[in-house]
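For reference, the structure discussed in these notes is given below.
Throughout, read-outs are computed from the coordinates displayed, never taken from laboratory work. Keep in mind that this is a model prediction, so the values were computed, not measured. In this analysis, Cβ positions are derived from the backbone assuming ideal geometry, glycine residues included, and neighbour counts consider all displayed protein chains.
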Amino acid sequence: MQNLLQEVRYAFRQFRKSPGFTALAVVTLALGIGANTAMFTVVESLLLRPLPYANPQRLLTVRPPEEGLGSTSWLSYRDIRDQARLLETTALYSEDVGVVQGKEGSESVVTPGLTPNMFKLLGVKPLVGRTFTEEEGQTGGPQVVLLSEGLWREAFNADSQIAGHTIRVNGKPRTVVGVMPQSFHFPESMGTDTGKGLWMPIQPTTEMQKDRGSHFFYVLASLKPGATLPQAQAELDAIAKRIREEDPIKNRDVNFRAQGYQELLTGPVRPVFFMLVIGLGLVLLIACANVANLLIARCLGRQQEFAVRSALGAGQLRLVRQLFVEGGLLSLLGCALGFGVAVLIITASRKLLQHAVTRGDAVALHWPVVLALAAIATITTVLSSLIPALLVARTDPQPALQTASRGLGSHSVRARLSGWLVAGEVALSTLLLIATGLLFHTLWNLEHTQLGFDTTRVTSFIAMPADAAGFANMGVAQSGEQTPTSVATLFYQPTLERLRQIPGVQDAALITALPLSGIRMTTSFKLAEDPDDPAHTMEARITAVSGGYAQLMGTPVLKGRMIGNDDNANAPFVSVINQTLAHKYFGNRDPLGQKIDLGADSGAVQPYTVVGVIADQVDTGVSHAPEPLLMLPYEQVPASSLYYQILIKTVVFFVVKTHGDIAVAPAVRNVFRQTAPDYAVDNFETMREIVDGSNFNHRLGLYLTAAFAGMAILMVVAGLYGVLAQLVSYRRREIGVRLALGSTRQRILGMFLRQGTILVIVGLGIGMVCALWAGRLVKSFLYQVQPLDGWTYASVVVLLLLVGTLAALIPARRAAAVEPIEALRDE
């Protein structure tokens with residue numbers, strides 16, 4: 001123990017003698033350790049940490065086989081709930097939005113629907129009051145609501161007696177039965193908005209219980225203890241088969257896929273973060289190689305010291321342990337500084353991710369991260385100290401003392417090791433730079449893809465009526481019921497006229513499903529002249545728009561005309577389709593004049609005549625292929641139909657094009673206060689912001705990988721400079737002899753530049769071979785660019801050769817400036 005303390009004190013004395021070496025080594029390790037700790041924190045928080053529910057490892061979703069968060073119907077949920085024997089509890093939820101009316105007006109909030117057994121499934125309890133009862137989840141049951149803690153504190157002053165009070169949600173009085181704690185964010189797929197939302201019980205309507213094609217719900221279940229996911233999948237396959245056999249025509253596409261709930265939530269970002277972890281691992285290796293090079297350089301400078309200590313009786317184990325102590329202390333200092341770096345990165349990451357990634361607000365330091373920090377410190381100690389320790393272990397006192405008097409040759413084992421370490425750093429940097437180049441090329445392609453609409457000076461926002469219907473509570477007006485008055489004529493038409501009169505506003509329009517908004521409503525249809533054929537139905541996304549929408553958005557009209565202001569409720573019913581729908585369902589036929597039948601059972605009592613074809617617009621994602629799209633005039637959606645409730649009566653997007661960059665929100669809110677005072681107006685965003693948000697994963701990957709590559713280049717510069725500088729220092733005598741024998745300073749300069757270039761070229765070759773092999777890891781992130789992209793590879797080669805030349809230039813000029821007489825006098 002005493003020997004160890006002596007070695008620690010001796011190490012600190014050595015650090016004080018070489019403050020430049022110590023600072024460079026500590027900062028290098030701090031960057032590598034801090035960045036890796038921060039990224040591990042993000043990965044642990046988002047991907048590895050269990051969800052805050054009972055038995056989270058047994059939670060699974062049941063959905064259609066297609067990728068993404070596929071929705072299902074009430075009837076399918078009922079069949080799964082009643083027939084599955086390997087599922088302990090099966091519950092249902094919906095993602096919905098609504099309006100809460102308070103003292104200061106209407107406010108839009110998320111309003112997920114839940115079956116009462118969801119709380120038992122998740123194992124959560126309310127902060128105040130109770131959760132839903134089984135009676136409240138029945139058709140025609142009591143109208144109740146659960147508040148989030150955020151909404152309770154903000155809108156109701158944290159009233160502890162709130163249970164039993166009545167509030168108005170979507171125009172109806174509902175009784176508050178409880179408040180859920182801030183930690184309850186279900187469903188996580190709706191983001192942090194659930195922190196200020198509310199929950200309502202799902203009460204099946206007549207349409208839900210008779211139409212399996214109404215997909216507005218999501219199934220969550222828990223496996224019974226001992227049951228496995230493959231077993232549950234086999235049981236679900238059998239249930240789907242029975243459903244198809246009941247009605248082979250209508251139910252022919254019914255299939256179920258079981259998937260872990262956490263896996264479903266983290267699936268979209270999991271590849272991004274794992275790729276970044278690999279990139280940060282490369283940065284850490286470069287940092288360790290740099291510190292190892294610095295320690296080797298110190299070994300070269302201290303070889304006489306080690307030889308003397310060895311000659312005086314110090315054993316090889318003592319010398320090796322001394323180097324490991326020094327490496328360990330450097331790692332501890334790097335960890336201390338790296339922890340601060342990690343905290344800064346984690347704080348920035350939390351702000352960046354909390355609104356863009358599911359559970360992004362959960363990013364925080366936890367004890368597993370502290371253990372990871374300790375593990376990283378141990379790894380860096382071993383990696384950075386191992387090679388210097390092996391070199392010291394091989395120290396022979398007599399040759400070392402003789403070598404010290406003659407200087408170091410360029411072909412010594414230690415010099416070659418330093419060179420190979422630098423070549424390795426260049427190789428790892430090549431990998432990072434190529435990945436950065438490919439991601440940059442991808443983002444460039446995404447941002448220059450034809451969107452089908454203009455993003456210049458276009459601002460969007462949502463408007464929701466106080467009595468919003470909600471997406472999941474649809475219904476058709478029955479015979480004898482009074483048909484509701486359409487809000488299209490009462491509110492939207494005069495509001496659009498007032499918006500166009502705002503100073504600085506060029507035009508205004510509305511659409512019920514804005515591109516890249518995440519709202520995706522689909523419908524089946526048929527051509528009115530064609531015979532019924534249930535086995536070959538046509539499907540398309542459906543949206544309603546106002547006149548002038550295509551002109552405002554800059555969407556080309558390819559054939560016919562766009563929906564105009566004259567297409568009102570009293571005019572012939574018309575529709576516009578996109579290019580994809582025209583190609584898919586009409587082929588070589590002219591779609592103009594064709595009549596589209598949406599089905600009388602949906603409340604659409606007459607067909608819509610196709611009057612135009614517009615260019616495809618990007619919808620679900622810039623890199624995703626466009627889907628068939630059917631557009632209707634918003635004033636021609638019957639108020640008694642299903643489409644009215646999900647298109648017109650729930651949420652509508654307005655788009656405003658301005659002459660310049662002006663503050664749109666205050667003027668818009670003032671207009672709504674005059675024309676529709678009980679409407680909730682929110683979510684003001686420019687179309688440019690919406691498009692950038694849709695590319696978030698690619699942008700995040702590019703920015704972080706570029707940051708890692710930048711750190712790697714700095715370390716390569718430091719490593720190459722350090723190797724050549726130490727060679728110049730230890731070869732001063734040789735340089736002096738060369739100059740005395742007639743060599744020119746230009747030759748000396750060229751010799752060291754050539755040595756630096758060779759190291760870079762060797763590293764480039766190794767790195768490019770590795771990049772060719774690793775190209776498949778980033779292939780899924782690329783868009784319209786191949787992993788073997790010539791421009792990217794050529795750019796990396798030129799950049800690293802330039803960087804390597806600049807890094808080698810200063811030591812080379814120092815070598816060329818050596819005075820022969822002074823060098824020969826050095827001993």
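Some notes on this structure:
- Cβ-based net charge around G593, under 15 Å, with every Lys or Arg adding one and every Asp or Glu removing one: 0
- The trypsin sites (Lys or Arg not before Pro) of region 61-158 that meet both conditions, a loop assignment by DSSP and at most 10 other Cβ atoms within 10 Å of the site Cβ, are R85, K103.
- Note on region 522-588: the alpha carbon radius of gyration divided by the globular reference 2.2 N^0.38 Å gives 1.26.
- Projected label points at L229 and E685, each 7 Å from Cα along the beta carbon direction, are separated by 3.0 nanometres.
- With all projection directions averaged, the alpha carbon convex hull of region 107-182 covers 5.0 nm².
- Model label points for T133 and K595, set 7 angstrom from Cα along the Cα-to-Cβ axis, are 5.2 nm apart.
- Linear extension gain, E819 paired with K241, 0.36 nm per residue minus alpha-carbon span: 199.1 nm
- Rg and Dmax of region 58-109, based on Cα coordinates, read 16.3, 50 Å.
- Extension gain for the segment Q57 to T175, taken as residue separation times 0.36 nm less the Cα-Cα distance, is 39.0 nm to one decimal.
- Extending 7 Å from Cα along the Cβ direction at R673 and again at K17 yields two label points whose distance is 7.6 nm.
- Per principal axis, descending, Cα span of region 87-232 in whole Å: 52, 33, 27
- Per residue Cα convex hull volume in Å³ - calculated over region 569-681: 166 Å³
- Three-way shape call for region 178-270 based on the alpha-carbon gyration tensor, with the a/c threshold at 1.5: oblate
- If you sort the three axes of the alpha carbon gyration tensor as a ≥ b ≥ c, you get a/c of 1.5 or more for region 35-86 and a/b above b/c, which makes it prolate.
- Here S743 and I810 are evaluated by their C-beta separation; at R0 = 22 Å the FRET efficiency comes out at 0.60.
- Once the convex hull of all Cα atoms in region 493-613 is built, its volume per residue stands at 131 Å³.
- Placing +1 on the Cβ of every Lys and Arg and -1 on the Cβ of every Asp and Glu, with nothing else charged, gives region 18-102 a dipole about its Cα centre of roughly 240 debye.
- Gained length - A625 relative to R252, 0.36 nm times residue gap less alpha-carbon distance: 131.8 nm
- Cα-Cα over 32 Å, subset of K172/K224; K210/K584; K120/K172; K120/K241: K172/K224
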